[in-house]
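Student: First, the structure itself, so that you have it in front of you.
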Amino acid sequence: MAEATLRVFRGDSNGGQTVDYRVPVAPGMVVLDALHYIQGHLAPDLAVRWNCKAGKCGSCSAEVNGRPRLTCKTRMDDLPQEQPITVLPMKSFPRIKDLVTDVSWNYRVNRKIPPFEPRKGVEWKISQLDVDRVQEFRKCIECFLCQDVCHVLREHDKKEQFAGPRFFVRIAGLEMHPLDGRNRAGLLKDQLGLGFCNITKCCTEVCPEEIRITDNAIIPLKERVVDEFYDPLTMLFRVFRGQKHNL
Amino acid sequence: MTTSYETREHDVLIIGAGGAGLRAAIEGLEQGASVGVVCKSLLGKAHTVMAEGGIAAAMANVDAADNWKTHFRDTMRGGKLLNNWRMAQLHAQEAPDRVRELEQWGALFDRTEDGNILQRAFGGHTFKRLCHVGDRTGLEMIRTLQDRGVQRGIDVYMECSVTRLLTDNGRIAGALAYWRETGRFIVFKAKSIVIATGGIGKAWRITSNSWEYTGDGMALAYEAGAELMDMEFVQFHPTGMVWPPGVQGILVTEAVRGEGGILRNKAGERFMEKYDPKRMELSTRDVVARSIYTEVKEGRGTEHGGAYLDISHKPAEYVKKKLPSMYHQFKELADVDITKGPMEVGPTCHYMMGGIRVDAETAQSTLPGLFAAGEAAAGLHGSNRLGGNSLSDLLVFGRRAGLAAAEHAKRASAPSIDDVQIEKAEKELLAPFSNQGTESPYAVHRDLQEVMQNLVGIYRTQEDLEEALAELEKLKTRAAKANVEGSRLFNPGWHLFYDLKSMLVVSEAVTLSALARTESRGAHSRIDYPNLDPVWEKKNNIIVREGGQMKRRESPVAEMPADLKQILAQD
């Protein structure tokens with residue numbers, strides 16, 4: 001049977017190094033299978049997060065040959081096997097152990113987002129067209145690969161000011177819910193740092209669900225913020241009426 | 001050896017953060033209880049996320065003739081009448097409200113022309129009944145519940161495994177758990193505990209289940225003295241992936257058949273004509289799984305030992321829209337374009353009908369203060385579950401469990417925590433670090449999966465089951481001796497050591513019950529007893545721990561009231 005070498009990060013918050021493991025390669029095998037082989041036969045304490053192994057839960061994120069990916073959807077036969085395949089933990093989050101990182105920050109950000117609230121007196125009739133429009137955002141599996149690759153988080157570590165692509169997708173899903181009555185534009189502008197995004201589209205590139213994060217979520221949200229806060233006519237109108245912005 | 005631990009206190013502690021656990025948590029909060037949710041994974045990764053096809057609820061949006069009575073009848077017939085009829089009734093009656101409520105909390109479902117929730121056909125359901133959104137209904141459901149729960153103020157303890165329920169004079173007092181990240185212990189004091197830990201599929205080699213499905217909740221309840229029921233009924237979903245090897249067992253949603261998918265054997269024959277000419281591909285899961293198994297066994301299987309499932313006669317755009325994740329799954333993992341050609345599929349261990357014995361109204365187990373809902377509980381599905389009845393089960397009985405647990409907590413006095421129980425449990429957990437020898441928990445797990453796959457599978461015989469019991473004894477001895485390398489810091493080998501203990505408990509319970517039931521009913525098929533036996537229609541197998549030993553006994557099925565009997569008799 002063919003073999004491959006996996007070069008896997010072993011270590012914790014204090015540091016560590018990569019270790020090479022030889023694994024047999026079966027047809028159709030994915031990187032997560034190789035990691036399981038290592039756990040089962042070579043290094044029983046290798047820490048890896050995973051759940052469904054079917055690309056539906058978004059648990060097994062890592063950086064394979066330098067690219068943020070779901071290891072359950074990364075086929076070994078798509079990677080060059082003459083050289084070691086490197087598997088490193090997501091860089092944007094604090095390391096816990098081996099491939100497991102501390103992603104709890106994401107859950108704290110999520111708490112800031114006001115949930116769905118139906119408009120008053122709304123009739124529960126929705127057209128399929130409206131459902132289709134927001135589907136894209138709602139299929140996010142929270143793998144946090146977009147958070148990992150986003151330079152605002154990865155290079156500049158703006159976690160206190162910036163929510164990251166995942167949560168712009170989530171807000172897009174709420175804002176474009178046909179019956180939602182809230183306005184989250186102020187939150188996006190003031191607390192979630194939407195303005196930090198300079199649309200490099202790295203998030204879109206790594207999304208395993210192929211959500212067009214930048215084009216379909218972030219840019220429309222940016223437009224919404226602009227309409228709300230920077231539209232000259234609206235601003236003028238507000239000055240005359242003495243209105244405050246929505247939060 | 002350290003025995004230090006932190007302590008948290010809640011009125012209601014919920015173990016498991018899938019659909020049932022989260023729905024129970026939301027209801028507990030509504031009732032004014034302080035609620036904690038403990039889960040082995042990160043929030044939002046529970047098995048519910050993988051549910052694809054939909055939620056069964058007789059809303060009659062597509063087929064106006066549908067109503068709770070028909071749903072009740074379908075559920076009872078699907079379960080071959082072994083279901084707890086009161087649970088089946090409550091489930092059918094309350095499911096539509098639970099779906100509407102989910103929608104009011106922000107879930108979006110596919111729609112009918114006139115803007116209502118769209119419903120699709122599914123195996124064993126008389127009418128189009130499954131509310132769905134493409135083939136990712138579970139994800140929509142879990143996100144909705146997760147966000148609702150978090151916003152309402154549940155405390156979530158993520159990546160935390162409960163290893164022991166603590167009792168105080170025969171009632172629930174709390175639980176001991178450890179943080180997976182650090183390996184440190186945490187003690188929860190609680191007046192009520194709801195078990196919502198899902199199933200046991202990881203004891204089989206070919207399964208659609210994730211690593212979490214190791215039967216912990218059932219084992220915890222059993223160890224604490226609660227009764228388990230119907231443990232012989234393990235559902236093998238007819239359609240899992242069979243090729244390539246790494247993806248073997250991954251679920252292929254029944255929605256493929258719901259949307260018109262056709263099953264064929266190697267010779268191109270539509271073999272369901274032989275096994276269930278009336279319902280064909282939309283027969284119940286037990287029947288379809290056995291049919292595929294038989295075709296393969298008799299030499300009519302595909303290249304990789306499965307059957308062909310074909311949806312490519314439908315327009316490509318339709319397939320991509322209604323089954324998007326199946327389209328991607330096959331394209332990326334198996335190099336198959338399902339809009340152009342057939343999938344190869346075969347049975348995969350999928351769902352546990354049995355579990356913790358509960359009261360229909362309150363979801364309380366036989367141990368006061370201990371509740372159970374969802375897959376971890378027994379009763380609703382009898383000997384075979386219909387597709388789509390699981391998500392509705394989670395909502396209906398999750399809510400009921402949360403409600404009753406909160407009420408119980410209001411009435412109950414504060415239990416006292418027994419340090420002796422905690423110390424004993426801690427010692428057991430840390431034992432593998434000082435075990436000598438070379439036994440690996442991974443090796444024991446692999447061998448357990450072979451035993452269950454080969455001897456306690458779709459078709460069973462007395463000989464196989466007896467052999468399985470003997471093998472399980474050996475595995476128990478090996479598991480106890482297994483040693484763990486490394487530290488307590490996020491150590492999967494150590495985590496598996498504990499999960500293995502749970503899997504061995506439930507595996508033994510399944511095998512004992514399967515051996516006793518000398519008939520074939522629903523998902524339990526005995527080659528040596530191929531027919532339904534009316535005597536066994538009136539009995540449930542009960543598993544209970546007595547004097548440190550696993551004991552099986554039988555309990556009579558409660559008599560169904562006349563009005564329900566009448567509904568059941570109608571066509």
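Computed from the coordinates by the stated procedures, all read-outs in this text should not be read as laboratory data. Keep in mind that what you see is a predicted model, and the values were worked out from it rather than measured. Quick reminder, even Gly has a Cβ in these numbers, built from the backbone with ideal geometry, and neighbours come from all protein chains shown.
Student: For the range A:79-234, what are the per-bin percents of Cα-Cα distances with bins 5 Å wide, up to the bin holding the maximum?
Tutor: Per 5 Å bin, starting at zero, the Cα-Cα P(r) for the range A:79-234 comes out as 1, 9, 16, 20, 20, 14, 9, 6, 3, 2, 1, 0, 0 percent.
Student: Give me the one-decimal nm value for the distance between modelled label points at B:Arg100 and A:Asp130, 7 Å along each residue's Cα-to-Cβ direction.
Tutor: That separation, rounded to one decimal, is 1.8 nm.
Student: Select from chain B the helices, each a whole stretch of DSSP H, whose alpha-carbon atoms run 20 Å or more along the helix axis and whose Kyte-Doolittle mean is at least -0.5; answer none if there are none.
Tutor: B:389-411, B:419-434, B:492-516
Student: Beta carbons within 10 angstrom, averaged per residue: use that to sort the peptides B:142-149, B:308-315, highest first.
Tutor: So the order, starting with the most tightly packed, is B:142-149, B:308-315.
Student: Of the DSSP beta bridges with both residues in chain B, give the percent that are antiparallel, rounding to the nearest 5.
Tutor: Counting DSSP beta bridges with both partners in chain B, the antiparallel share is about 65 percent.
Student: OK, next. Over the range A:1-79, what is the mean sequence separation of C-alpha contacts under 8 Å (at least six apart), divided by residue count, expressed as relative contact order in percent?
Tutor: 25
Student: Nearest-5 percent of antiparallel DSSP beta bridges in the protein assembly as shown?
Tutor: Around 70 percent of the beta bridges assigned by DSSP in the protein assembly as shown are antiparallel ones.
Student: So what is the calculated 222 nm ellipticity per residue for chain A, using -39500 (n - 2.57) for each DSSP H run with n of 4 or more, over all residues, to the nearest 500 deg cm²/dmol?
Tutor: -8500 deg cm²/dmol
Student: How far apart, in nm, are the 7 Å Cα→Cβ label points at B:Ala558 and B:Lys481?
Tutor: If labels sit at B:Ala558 and B:Lys481, their model points lie 4.7 nm apart.
Student: Given a Förster distance of 60 Å, report the FRET efficiency between B:Thr362 and B:Lys321 from their Cβ-Cβ distance, rounded to the nearest 0.05.
Tutor: It comes out at approximately 0.90.
Student: Under 16 Å from a point 7 Å along the Cα-to-Cβ line of A:His41: which residues of the range A:54-94 have their amide N that close?
Tutor: A:76
Student: Other chains' Cβ within 10 Å of B:139-151 residues: what's the mean?
Tutor: Per residue, the average neighbour count from other chains is 3.
Student: So, one more: Can you pull the mean other chain C-beta count within 10 Å for peptide A:141-148?
Tutor: Rounded to a whole number, the mean comes out at 2.
Student: Based on Cβ point charges of +1 for Lys and Arg and -1 for Asp and Glu, what charge dipole magnitude is obtained for the range A:3-101 about its Cα centre, in debye rounded to the nearest 20?
Tutor: The dipole magnitude comes to about 380 debye.
Student: Hey, another quick one. Mark the label point 7 Å from the Cα of B:Lys474 along Cα→Cβ and return the residues of the range B:450-468 whose backbone N is within less than 12 Å of it.
Tutor: Residues passing the 12 Å test: B:451, B:467-468.
Student: Tell me the mean residue ellipticity at 222 nm calculated for chain B from its helices only (DSSP H runs of n ≥ 4, each -39500 (n - 2.57), averaged over every residue, nearest 500).
Tutor: -12000 deg cm²/dmol
Student: Per residue, how big is the convex hull of the protein assembly as shown when only Cα atoms are used? Give it in Å³.
Tutor: 168
Student: To the nearest 0.05, how large is the calculated FRET efficiency for B:Ala414 and B:Glu30 if R₀ is 30 Å and r is the Cβ-Cβ distance?
Tutor: Working from the Cβ atoms, E equals 0.85.
Student: Could you tell me the calculated FRET efficiency between A:Arg22 and A:Val239, based on Cβ-Cβ distance and R0 = 60 angstrom, to the nearest 0.05?
Tutor: Here the calculated transfer efficiency is 0.30.
Student: Rounding to the nearest 20 debye, state how big the charge dipole of the range A:104-241 is about its Cα centre with +1 on each Lys and Arg Cβ and -1 on each Asp and Glu Cβ.
Tutor: Here the size comes out at about 480 debye.
Student: Quick one: putting +1 on the C-beta of Lys and Arg, -1 on the C-beta of Asp and Glu, what dipole do you get for the protein assembly as shown around its Cα centre, in Debye to the nearest 20?
Tutor: Dipole of the protein assembly as shown, to the nearest 20 debye: 1200 debye.
Student: If you don't mind, there's one more thing I want to ask. Averaged over its residues, how many other protein chain Cβ atoms are within 10 Å of peptide A:106-114's Cβ atoms?
Tutor: 2
Student: Going toward the positive end of the dipole of the range B:238-348, with +1 on Lys and Arg Cβ and -1 on Asp and Glu Cβ, which of B:Thr239, B:Tyr308, B:Met272 do you reach last?
Tutor: After comparing all options, I get B:Met272.
Student: Let me ask you something else. If I take every Cα pair under 8 Å that is 6 or more residues apart in the range A:104-241, average their sequence separation and divide by the length, what percent do I get for the relative contact order?
Tutor: 28
Student: Moving on to the next point. Only helices at least 24 Å long along their own axis, judged from Cα atoms, and with Kyte-Doolittle mean hydropathy of 1.0 or greater: name those in chain A from DSSP H.
Tutor: none
Student: Which aspartates and glutamates, on any chain, are close to A:Lys53 with Cα under 16 Å apart, when same-chain ones fewer than 8 places away are left out?
Tutor: A:Asp33, A:Glu142, A:Glu209, B:Glu52, B:Glu212, B:Glu332
Student: Considering the dipole of chain B built from charges on the beta carbon (Lys and Arg +1, Asp and Glu -1) around the Cα centre, which of B:Gln89, B:Cys349, B:Phe371 is farthest to its positive end?
Tutor: B:Gln89
Student: Could you check the spin-label model distance between A:Ile199 and B:Lys424? Points 7 Å from the Cα along Cα→Cβ, value in nm.
Tutor: Taking the simple label geometry, A:Ile199 and B:Lys424 are separated by 6.6 nm.
Student: Among B:Met503, B:Ser513, B:Leu489, whose Cα lies farthest out toward the positive end of the dipole of the range B:452-571, if unit charges sit on the beta carbon of Lys, Arg (+1) and Asp, Glu (-1)?
Tutor: Result: B:Leu489, furthest along the dipole toward the positive end.
Student: What does the highest-first list of A:229-235, B:184-190 look like by mean Cβ count within 10 Å?
Tutor: B:184-190, A:229-235
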